[in-house]
Structures are given as structure tokens and as C-alpha cells.
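Working notes, beginning with the structure itself.
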There are 2 protein chains.
Amino acid sequence: MQNYGDYFRALREAKNMTLREVEKQADVSNAYLSQLESGKVKQPSPLTLHKLSEIYGVSYDLLMEKVGYPVPERKEKVKSESGKTSIAYRVGDISDDEELELLNYLKFIRNRKK
Amino acid sequence: MQNYGDYFRALREAKNMTLREVEKQADVSNAYLSQLESGKVKQPSPLTLHKLSEIYGVSYDLLMEKVGYPVPERKEKVKSESGKTSIAYRVGDISDDEELELLNYLKFIRNRKK
DNA sequence: TCGGTTTGCTAAGTATTGCAAGCAAATATA
DNA sequence: TATATTTGCTTGCAATACTTAGCAAACCGA
């Protein structure tokens, strides 16, 4: 995993693009791209990876994983009508009692504001 | 959220943890955590966010989005004018301000019975 | 009250991301 | 051949993530 620079270079060359072409489209300097491809960059920022993923047509997740960032779990359950998952999702794990109190408090907040 | 430092602080206090407790579990210095919570850090690394997400029991995705990193594409993800993920995707109809209030109230709840 | 411990914070330092400028070799154009 | 342009690369720099060391106030038991 030391040499994902080669991987980025392969992606670019597969698209027959020059460093300066990628620079223009991704708004990332050709200097930095060169460093990236020669293994002199350890962990490019998620934003940079996101731009490159769009240009090269590979998934953002894949690039995140390539450079060693934790990758979000896919099976995250995220939606609920009752609001339980939703509140825990934003506030952290909570007990049923706490959930009830929070929902009541949320109601209080909203009535107060009116 | 402009100052997500408050959010991280609320998460920690809702768990009744000290900076040094989080430091131990996350292997992130208490000094840096303090800077993070007081808004002196712009974009903590994905690895740091991942560790904190596990300790605080919130989703890694949520923290990534909070600090402004691109989040992996999801099926029906819709962007609002502000660029943030829309309410339709976000679970529950909870604003950032409400979220902070809920976290602070949760902290109150948990300290109350001691 | 006193001495130790806890807690949050700041200061200073290291390492890395990413950029602007510019160099050297290859390639194109005359 | 001679000149200009393209291409990848290196150097020096600013910004920032993150650490170690340590300070000041609050806390706590004797």
C-alpha cells in the first residue's frame, strides 16, 4: 500500500491525460499530482480524492480505501419514522427512556420557538 | 454548521467524558481535542473522525459531512441550496441548533440522576 | 488550610498537504 | 538547424493537523 502513486498514474495514463489536463479539470496543481504519482504524498485530502475519482471514473470510496482512510460502512441504517434511529444517529447511542425524554424536549423546543 | 467544535464538545459532555478519557480511548491528544472543540481545527483527518465516531456512538458519515468532506454518493441524496445534504436524506427533521440543544439536554439528563 | 490530583487550555514544535515558480528534456514547428 | 511549446518534475513556501510539555484554576481528602 506504499505505492498507490503508481495506481494514480495508471488511472491518468489510461485516460491519456497529461498532468496539466488533470490540473485544469480537478483544480489540483500539476506539481502536487506529480508528487502524488511518485509516492511522495501520504494521504491526499478527501476533497482531492473526490475530484480525482470523478475525473478518472472510479469510486470515491475506492480511492479513500486505497490511501488508507477508514471507509464508511455501507449497511448503515439511517432512516426511521419514529425518530429513534434518527436521533441516535446524530446524538449517539441512547436508551429508550432517554429517547422519549429527548423527543419530548424537542417538542418543547419547537413550541417555545413559536 | 459553522462551528462544529460545539458539536464535538456536546457529544463528549453528553457521554460525561473528560478530554483525557477520550484521549486514552481514541489515541488523540487532549490538547488537540481541546483545539477541536474550541473551533481551532478546520478539518480533522478521517482517521480522527472515525475514532471519535466510535467513541461517541455517532456515524462516521455524519462526522465527515459535519466537517465538510465529500460524502460517498448515496441513492437518493439531494443537495439543498447550502450544499448540505437535504432533510429528505438526513434522518429526522432536526436542525443543527436543535441537535445541539438535544445534546446539551441529554447531558443534563445523564448528570441529573447522579 | 495544605498538598496532591484533575481538568481544560495554551505555547511551541514537527510533519504533511498543497501551491507557485521555474527547470530540463522531449516534442513540435519554422 | 533553430525556436517555441509541451511535459514531468523539483524546490521553496504557507497553511494546518497533531504532539509534548506544562500552566492555572478547580477539586478533594487529611
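Counting only DSSP H runs of at least 4 residues, each contributing -39500 (n - 2.57), and dividing by the residue count of chain A, the helix-based mean residue ellipticity at 222 nm comes to -18500 deg cm²/dmol. With label points defined 7 Å past Cα in the direction of Cβ, position A:R110 shows copy-to-copy spacings of 2.5 nm, given to one decimal and shortest first. Equivalent-ellipsoid semi-axes for chain A (Cα gyration tensor, √(5λ), whole Å, largest first): 44, 15, 12.
Applying the criteria of a DSSP loop state and at most 14 other Cβ atoms within 10 Å to the trypsin sites (Lys or Arg not before Pro) of segment A:13-44 yields A:K15, A:K40, A:K42. Are any of the pairs B:K40/B:K107; B:K15/B:K51; B:K24/B:K51; B:K15/B:K107; A:K42/B:K40; B:K42/B:K66 more than 19 Å apart by Cα-Cα distance, and if so, which? Over 19 Å apart, Cα to Cα: B:K40/B:K107; A:K42/B:K40.
Restriction of the chymotrypsin sites (Phe, Trp or Tyr not before Pro) in segment B:2-76 to DSSP coil positions whose beta-carbon has at most 12 other beta-carbons within 10 angstrom yields no sites. Using a 1.4 angstrom probe on protein heavy atoms only, the contact between A and B buries about 3300 square angstrom of accessible area, both sides summed. Relative to the other identical copies, A:G39 shows label-point distances of 4.4 nm, where the label point lies 7 Å from Cα along the Cβ direction and values run shortest first. Based on alpha-carbon centroids, what's the gap between segment A:2-70 and segment B:1-46 in Å, whole number please? The distance from the Cα centre of segment A:2-70 to that of segment B:1-46 comes to 30 Å. Placing a label point 7 Å from Cα along the Cα-to-Cβ axis, B:G68 is separated from the same position in the other copies by 2.6 nm, shortest listed first. Residues of segment A:31-72 whose accessible area (probe 1.4 Å, heavy atoms of protein chains only) drops by at least 40 Å² once all protein chains are present, relative to their chain alone: A:P46, A:Y60, A:P70, A:P72. To put it simply, the accessible area of segment B:1-40 at a 1.4 Å probe is 40 percent carbon and sulfur. Since only A:V22, A:Y89, A:F108 are under comparison, the one whose Cα sits farthest along the positive direction of the charge dipole of chain A, derived from C-beta charges on Lys, Arg, Asp and Glu, is A:F108.
The values are calculated or read from the model by the stated rules, or taken from the named source; none is laboratory data. It should be emphasised that the depicted structure is a prediction, and the values quoted were computed from it without experimental measurement. Cβ atoms come from the backbone with ideal geometry, glycine included; neighbour counts cover every protein chain shown. Note: areas computed on protein heavy atoms with side chains; ligands, DNA, RNA excluded. Shrake-Rupley method; radii C 1.70, N 1.55, O 1.52, S 1.80 Å.
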